[in-house]
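The values are calculated or read from the model by the stated rules, or taken from the named source; none is laboratory data. Everything numeric here is computed off the predicted structure, so don't read it as measured data. Every residue, glycine among them, receives a Cβ derived from its backbone with ideal geometry; neighbour counts consider all protein chains shown. The area values use the complete protein model at the heavy-atom level, side chains included, leaving out ligands, DNA and RNA. Shrake-Rupley method; radii C 1.70, N 1.55, O 1.52, S 1.80 Å.
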Amino acid sequence: MMKDTYNPEQLADFEHTADNEFSLPAGVVAGIEITLLTVVSIAIHYLINGTTNLLFILLSLFLSINLLICLWEICLYLRRDYIEKRHDYFKKRREITGRDPGVDILLAPVTRKSVFSPTFWSDIWSTYSLYDGSYADRKTYGFTIDTGNGFATFIPSLILHFGMTVPVFPPMFIGILGIMMFWQWTYCTSLYWASFFIAGRHKLISKKDMFVYIWGTNAPWVMFSILGLYASVRIVLDNSYAVFLN
């Protein structure tokens, strides 16, 4: 019988760090990036207008998260072959260790070399594919809609975020762009949930994993988008950014 040389403690070669190499957990790095972008946006908005409100803060946070997710979704496409192979790797790793791979990847050390590595961040999808196998299958709706979101909405999201923060664009332009973006996020996420249940994938995971990874990680793209739709419609009807100042 062939000896199994599988090492359950090894994530990937680039994830290991030397003793003297500085690193931070992947979840911390993602949190820092989102926090910095959100705080800078709020600060600029306040300095320009002398005020801000909760609606702007929430949408700034959401758009900051979405920009990072767009980059991860681009990694999903660029490393699709790698993710399909890693799906089996993490599945076997979970069976041997009993640990949650979603938590493990958030704790994986990020170094200066790996912080911009598409391969490193694609393991976000390798682990997520254990809860929804469509992310290890390029023929599915989940894979297609998320890779499409990454490439098609990154620049519009950046324009929308900037335009809501700094009033350099006509309000009508940002309002219409916002309606387009927030509506498609609401619709596509809702359709993703529908496809997940219609395909019967909910039967393959625990209720806890479904609540955390399927409902929890996708809910912001519905809840925040509903707020975004409201704000965008107000911008169009008022032909001003007053909705972010009251």
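Summary table below
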| read-out | value |
| --- | --- |
| Surface accessible to a 1.4 Å probe, per residue, for the residues of the chain, Å² | 52 Å² |
| Heavy-atom accessible surface of region 28-132: percent carbon and sulfur, 1.4 Å | 68 percent |
| Student exercise, region 139-246 dipole from Lys, Arg, Asp, Glu Cβ charges, in Debye to nearest 20 | 420 debye |
| Angle in degrees between helix 54-78 and the longest Cα principal axis of the chain, rounded to the nearest 10 | 40 degrees |
| Gain on full stretching of the segment that runs from LYS207 to ARG112 - 0.36 nm per residue minus C-alpha separation | 30.5 nm |
| Ellipsoid semi-axes in whole angstrom, largest first, where each is sqrt(5λ) of the Cα gyration tensor of the chain | 36, 21, 14 |
| Within-15-Å neighbourhood charge of ILE65 [Cβ basis; K, R +1; D, E -1] | -3 |
| Highest average packing first - 58-69, 189-200, Cβ atoms within 10 Å | 58-69, 189-200 |
| Packing-based ranking, highest mean first, of 210-218, 158-166 given that Cβ atoms within 10 Å are counted | 158-166, 210-218 |
| For VAL110, residues with placed amide H under 5 Å, excluding near neighbours | LEU24, ALA26 |
| Region 78-197: translational diffusion in µm²/s, Stokes-Einstein, Kirkwood Rh over Cα pairs, 25 °C, 0.890 mPa s | 148 µm²/s |
| Helix 141-165 vs. the chain, principal-axis angle (Cα, 0 to 90°, nearest 10) | 40 degrees |
| Cut-off of 10 Å, at most 11 other beta carbons, DSSP loop: longest stretch of the chain lacking such GluC sites (Glu not before Pro) | 22-246 |
| Tensor-based shape of region 17-68 (alpha-carbon gyration tensor, a/c under 1.5 rounded, otherwise prolate or oblate) | prolate |
| Ordering of 167-174, 47-54 by burial proxy (mean other Cβ atoms within 10 Å per residue, highest first) | 167-174, 47-54 |
